[in-house]
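Let me begin by presenting the structure, written as structure tokens, before commenting on it.
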Amino acid sequence: VQLQASGGGFVQPGGSLRLSCAVSGVIFSTKVMNWYRQALGKQRELVGSITSGGSTNYADSVKGQFTIARDNAKNTVYLQMNSLKPEDTAVYLCNFNLGLREYWGQGTLVTVSS
């Protein structure tokens with residue numbers, strides 16, 4: 001099983017980025033996919049989730065700012081981030097759970113700064 005996150009980088013405040021997480025080794029279409037983030041010195045935070053049917057939910061801190069989508073044909077989940085703020089700076093990680101086991105990507109760093 002592999003989760004490969006990409007798309008992070010440096011962006012100025014107010015900018016946008018789209019992160020991708022490509023999943024292999026499992027039946028992707030049946031999995032609830034999650035995006036987390038972890039800022040330096042802070043606890044990991046659940047950003048949002050998307051069900052196999054495409055329903056989404058988000059942390060209050062990113063509602064209306066971030067959008068999660070999935071493409072089951074490409075085994076990929078996306079995180080569209082708009083109106084980025086310095087406080088969105090973090091390593092962003094994708095995840096799914098299978099029973100009691102957690103699967104994580106390696107994370108992709110997003111830095112928001114002027």
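The values are calculated or read from the model by the stated rules, or taken from the named source; none is laboratory data. Predicted, not measured: the structure shown is a model, and the values here were computed from it. We place every Cβ from the backbone using ideal geometry, glycine too, and count neighbours over all the protein chains shown. With ligands, DNA and RNA removed, areas are computed over all heavy atoms of the protein, side chains included. Shrake-Rupley method; radii C 1.70, N 1.55, O 1.52, S 1.80 Å.
Remarks
- The range 88-114 - residue that is open to solvent by 40 Å² or more (accessible area, probe 1.4 Å) and charged (D, E, K, R) and, of those, farthest from the chain's Cα centre (by Cα): R101
- Total residues in the range 22-49, condition among the hydrophobic types (A, V, I, L, M, F, W, C), within 21 Å of S83 (Cα to Cα) and surrounded by 13 or more Cβ atoms within 10 Å (Cβ to Cβ): 4
- Test: residue in the range 32-50 that is under 19 Å from V1 (Cα atoms) and touching a helix residue (DSSP H, G or I) at 6+ places or on another chain (Cβ under 9 Å): no
- Positions within the range 32-44 being on the phi < 0 side of the Ramachandran plot and more than 14 Å from the chain's Cα centre (by Cα), in sequence order: L40, K42, Q43
- Restricting the range 59-85 to residues that are under 12 Å from the mean Cα position of the chain (by Cα) and open to solvent by 50 Å² or more (accessible area, probe 1.4 Å), the residue that is nearest to G7 (Cα to Cα) is Q80.
- Selection from the range 1-10 of residues that are in contact with a Ser or Thr (Cβ under 7 Å, 6 or more places away or on another chain), open to solvent by 20 Å² or more (accessible area, probe 1.4 Å) and assigned to a strand (DSSP E or B): Q2, S6, F10
- The selection criterion, being of a type in the set (A, V, I, L, M, F, W, C), touching a Leu at 6+ places or on another chain (Cβ under 8 Å) and at pLDDT below 95, holds for V26.
- Strands (runs of 3 or more DSSP E) enclosed by the range 11-60 - at least 1 residues per element that are closer than 23 Å to S114 by Cβ: 17-24, 33-38, 45-50
- Test for F28: is it of a type in the set (F, W, Y), over 14 Å from L3 (Cα atoms) and free of Cβ contacts under 8 Å to residues at least 60 places away in the same chain: no
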